[in-house]
Amino acid sequence: MGKYFGTDGVRGVANTELTPELAFKLGRIGGYVLTKDKENPKVLIGRDTRISGEMLEGALVAGLLSIGVEVMRLGVISTPGVAFLTKAVSASAGVMISASHNPVADNGIKFFGPDGFKLLDEQEKEIETLLDQEDALPRPTGADLGQANDYFEGAQKYLQFLKQTVDEDFTGIHIALDCANGAASSLAPHLFADLEADISTMGTSPNGKNINDGVGSTHPEALAAFVNAKNADIGLAFDGDADRLIAVDEKGNIVDGDKILYICAKYMKEKGLLKQQTLVTTVMSNLGLYKALEALQIDTKQTAVGDRYVMEEMRKGGYNLGGEQSGHIIFLDHITTGDGMLSALQLVNIMKQTGKKLSELAEEWETFPQTLVNIRVTDKHAVTDNEKVAAVIKEVEQEMNGEGRVLVRPSGTEPLVRIMVEAKTEELCDAFVNKIADVVKAELGQE
């Protein structure tokens, strides 16, 4: 990670850390770096529903226009929608304004190249270098300035693409949708209604301030109650920019990204669609997943946490399915990034094709008890070389005696240290994670 770019773009509290001034500079410099060799360059911009989106969009657009770039505004749309459309309309780059699952005060800016993939490390470094220098970039005038236009029909083009990834409609399936009051609020209901599903919705009334507020993929318990109340066959929860999916079965049980990955990997292997019989995961995936995949003779590749690292491994190894426990799932045969709505379509399609309920598909392996806590700290990176933290981790691992694992890491997007423990029982998980958390708080915690 660089000075400005984290694992998923440039993020911060809108108007104090991620200011309009910074957004303007990102527009100028990002536009220059990504389009300097292009003739008549155009850049797509999308945003989620948070209140700061229009402010940052205006600044970004101004920066891009000042460098002579044509801007196509997509309005409210999902992150994968921007990635897909950037490639589909042969744009020079795409930009998404979103902080994904983060609270409403945060926002972020992430770039996509003309191929629909997130930027290379070298491109981000070039942008960061220019951000810290005096602005000496070209300043076209008159007819050479950029122009901005709305491209709201892009959303329909994206939805049409999604529908073409499944062969049948979803007649007879009652789907409960939780759109997190975010980017999927309009898109997902239209998508599943067009596929003839019976739908019930929640989290579809964004007001700029309620994105991810007690709803969405980070609060699946709300959807679980909704599924039970509506007697739905499945619940689908997206995050603020709709690149994640967490599901709920017909009994109200939460089906996380690991479970969804297992269901998809097994089905794709049976259909001869899983390339190299391999699933790419991160180090956060549950031990139970690996044991279940081993029984199916499906190989796994592990990466650091972050969907960009999953994608890097998939592209390097020629794999077509990968993802994270948090719900980022990548179907590389279809799209260049994690896509919650695409993942939802594939999951419901498997239910349709197999005739099985989601609970049946998800119960084929047992999850090892896992506890995850987040500690807000003054310097998240200091955890990697703190001697006392290292000592308590070693002590816990010795107590586990091979019957579990510990992962302590800085968050890629927030000032947090994340502590994950898997053990034989929930009681042991809680005891071990609290033991480590106490040391992290004492050494690094905010006052």
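Put a dot 7 Å past the Cα of Asn374, heading toward its Cβ, do the same for Asp121, and the two dots end up 2.6 nm apart.
As a ratio to 2.2 N^0.38 Å, the alpha-carbon radius of gyration computed for the stretch 76-175 takes the value 1.41. Paramagnetic label reach from His381 (point 7 Å along Cα→Cβ; backbone nitrogen cut-off under 14 Å): within the stretch 389-424, residues 410-416. Shown in residue order for the stretch 359-369 are the 3J(HN,Hα) couplings computed by the Karplus curve 6.51 cos²θ - 1.76 cosθ + 1.60 at θ = phi - 60°: 4, 5, 5, 8, 8, 6, 8, 9, 7, 5, x Hz (x for Gly and Pro). Dividing the alpha-carbon radius of gyration of the stretch 186-344 by the rule-of-thumb value 2.2 N^0.38 Å gives 1.05.
Extension gain, Glu443-Ile254: 0.36 nm per intervening residue step, less the Cα-Cα distance, totals 64.6 nm. Computed from the C-beta positions of Glu397 and Asn228 and an R0 of 35 Å, the FRET efficiency is 0.35 to the nearest 0.05. The fraction of Cα-Cα pairs per 10 angstrom bin, counted from 0 for the stretch 331-374, comes to 21, 34, 37, 8 percent, rounded to whole percents. Scaled to the globular estimate 2.2 N^0.38 Å, the Cα spread of the stretch 304-447, given as radius of gyration, is 1.26.
Reducing the stretch 274-337 and the stretch 120-193 to their Cα centroids gives an inter-centroid distance of 24 Å.
Protection proxy ranking for 135-146, 377-388, using the average of other Cβ atoms within 10 Å per residue and placing the highest first: 377-388, 135-146. Rounded to the nearest 20, the Cβ-based charge dipole of the chain about its Cα centre (Lys and Arg +1, Asp and Glu -1) stands at 580 debye.
The residues of the chain present an accessible area of 41 Å² per residue when probed at 1.4 Å with all protein chains retained.
Between Asp167 and Gln276, the FRET efficiency estimated from the beta carbon spacing at R0 = 22 angstrom works out to 0.35. Straight-line reach from Lys3: taking Cα to Cα under 19 Å and skipping same-chain neighbours fewer than 8 places apart, the lysines in range are Lys25, Lys110, Lys118, Lys125, Lys380.
In order along the stretch 59-68, phi translates into HN-Hα couplings of 5, 4, 4, 4, x, 5, 5, 5, 9, x Hz, rounded to whole numbers, per the Karplus curve 6.51 cos²θ - 1.76 cosθ + 1.60 with θ = phi - 60° and x for Gly and Pro. By accessible area, using a 1.4 Å probe on protein heavy atoms only, the chain has 46% of its surface on carbon and sulfur. In terms of the mean number of neighbouring beta-carbon atoms within 10 Å, the peptides 155-166, 205-216, 235-246 order highest first as 235-246, 205-216, 155-166. Between Lys357 and Lys36, the modelled label-to-label distance comes to 6.0 nm, taking each label 7 Å out from Cα in the direction of the beta carbon. Only beta bridges with both residues in the chain are counted; by DSSP, about 55 percent of them are antiparallel. Per residue, the convex hull spanned by the Cα atoms of the chain measures out at 141 cubic angstrom.
Leaving out same-chain residues fewer than 8 places away, which lysines sit with a Cα under 23 Å from that of Lys357? By straight Cα distance, Lys357 reaches Lys163, Lys230, Lys251, Lys259, Lys266, Lys269, Lys271, Lys291. Measuring between their Cα centroids, the stretch 352-413 and the stretch 230-264 lie 20 Å from each other. With point charges of +1 on the Cβ of Lys and Arg and -1 on the Cβ of Asp and Glu, referenced to the Cα centre of the chain, which listed residue (Ile234, Ala391, Thr303) lies farthest in the positive direction of the dipole? Looking along the dipole axis, the top candidate is Thr303.
Using every pair of distinct Cα positions in the stretch 1-132, the Kirkwood expression returns a hydrodynamic radius of 14.1 angstrom.
Taken over the stretch 273-371, the convex hull of the Cα atoms encloses 106 Å³ per residue. Setting aside same-chain residues fewer than 8 positions from Lys316, which aspartates and glutamates have a Cα under 18 Å from its Cα? Hits, sequence-local ones excluded: Asp115, Asp121, Glu122, Asp299, Asp307, Glu324, Asp333. In the chain, the DSSP-assigned H stretches of four residues or longer account for a calculated mean residue ellipticity at 222 nm of -12000 deg cm²/dmol, using -39500 (n - 2.57) per stretch and the full residue count as denominator.
The values are calculated or read from the model by the stated rules, or taken from the named source; none is laboratory data. A quick note: this is a predicted structure, and the numbers were derived from the prediction, not measured. Cβ coordinates were reconstructed from backbone atoms using ideal geometry, including for glycine residues, and neighbour counts include every protein chain displayed. Only protein heavy atoms, including side chains, enter the accessible area calculation; ligands, DNA and RNA are left aside. Shrake-Rupley method; radii C 1.70, N 1.55, O 1.52, S 1.80 Å.
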